[in-house]
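Here the structure is laid out as structure tokens; the discussion comes afterwards.
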Amino acid sequence: MTTEIKIPLRSLSESVIQDLKEKYPEAEISVALHQDRNKAPLSEAYFWKIISLLDWSKIGDDEAVVEPAIDQLSSGPVRHIFEFADLLSEKLYILDARKYALHIGEDAWSPDHYFSVDNFLYARCCVVANGKDAYDKALYSPAQMPKDFTFEELLYIPSAAYERKTGKRYDYTPTYPIETYSNLTGWAEEIE
């Protein structure tokens with residue numbers, strides 16, 4: 001016999017889980033998440049709209065550059081902050097490949113000298129921070145990667161937005177790993 005119990009996710013606490021364990025000690029649980037269709041996820045277009053808010057007139061003060069994006073993201077639902085982080089991680093992951101690392105300027109990847117994994121992550125951030133057109137150009141033509149530019153501050157938009165919105169510490173792991181060499185396929189590809 002199957003018993004279906006519906007519990008709003010926000011109500012799922014340790015005590016509720018403990019009660020279920022005691023009432024149904026041999027039961028298996030499956031979770032089906034149903035989102036309100038009126039609450040659409042953060043779209044790709046809105047992700048790029050937030051990126052377009054970066055204020056490059058404040059160049060030299062990276063926190064001021066990202067402030068409009070943080071402000072916009074923190075004004076929406078909390079789930080949009082997580083969805084923004086997921087989309088950002090996806091874009092950084094896709095760019096994590098040797099073919100892009102070869103084209104970042106002075107610190108480009110080479111088999112015979114030191115390669116800074118952090119610098120390459122921040123170079124990938126620079127590509128995304130420059131908007132959809134710059135991202136698409138680099139994606140399809142690695143030689144279009146910005147040379148000798150980085151933008152680490154992009155990484156902190158989700159955490160700053162979350163902390164501003166909730167007053168709580170941000171503790172979220174996005175969908176894709178962003179660290180350099182995470183995209184094994186990208187680093188295994190043969191360079192033409």
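The values are calculated or read from the model by the stated rules, or taken from the named source; none is laboratory data. The structure displayed is predicted, hence computed values, not measured ones. Because the Cβ atoms are built from the backbone with ideal geometry, glycine has one as well, and the counts that use them run over all protein chains shown. The area values use the complete protein model at the heavy-atom level, side chains included, leaving out ligands, DNA and RNA. Shrake-Rupley method; radii C 1.70, N 1.55, O 1.52, S 1.80 Å.
With everything on Cα atoms, drop me the angle between helix 62-74 and the longest principal axis of the chain, reported from 0 to 90° to the nearest 10.
30 degrees
Pairs to check: K6/K132; K49/K99; K137/K165; K58/K147. Give those whose C-alpha atoms are more than 32 Å from each other in this structure.
Working: K6/K132 41 Å; K49/K99 27 Å; K137/K165 34 Å; K58/K147 20 Å.
Long pairs (Cα-Cα over 32 Å): K6/K132; K137/K165.
Please give the per residue accessible area of the stretch 1-156, computed with a probe of 1.4 Å over protein heavy atoms only, in Å².
Working: 9920 Å² over 156 residues.
About 64 Å² of surface per residue is accessible.
Rounded, prolate or oblate: which fits the stretch 62-132 when a ≥ b ≥ c are the square roots of the eigenvalues of the alpha-carbon gyration tensor, with rounded for a/c under 1.5 and prolate only if a/b beats b/c?
Judged from the Cα gyration tensor, the stretch 62-132 comes out prolate (a/c at least 1.5, a/b above b/c).
Largest first, how would Y122, Y100 line up by accessible area (1.4 Å probe)?
Numbers: Y122 50, Y100 5 Å².
If we order Y122, Y100 from most to least accessible, we get Y122, Y100.
Go ahead and run the numbers for FRET between E26 and V78, Cβ-Cβ distance against an R0 of 35 Å, rounding to 0.05. Let's see the in-between values first.
Details: r = 36 Å, r/R0 = 1.03.
For E26 and V78, the calculated efficiency is 0.45.
Does the stretch 148-192 come out rounded, prolate or oblate by the C-alpha gyration tensor, with a ≥ b ≥ c the root eigenvalues, rounded set by a/c under 1.5 and, if not, prolate when a/b is larger than b/c and oblate if not? Display every interim value, and only then the final one.
Working: a/c = 5.24, a/b = 2.16, b/c = 2.43.
Verdict is oblate for the stretch 148-192.
Please give the FRET efficiency for I17 paired with Y114, using the beta carbon to beta carbon distance and R0 = 35 Å, rounded to the nearest 0.05.
On the way: r = 49 Å, r/R0 = 1.40.
The calculated FRET efficiency here is 0.10.
Probe radius 1.4 Å, ligands and nucleic acids ignored: give me the carbon and sulfur share of the accessible area of the chain as a rounded percent.
Working: 6370 of 12520 Å².
Carbon-and-sulfur percentage of accessible area, whole number: 51.
At a probe size of 1.4 Å, how large is the accessible area of L54, to the nearest 10 Å²?
Taking all protein chains as shown, L54 has close to 10 Å².
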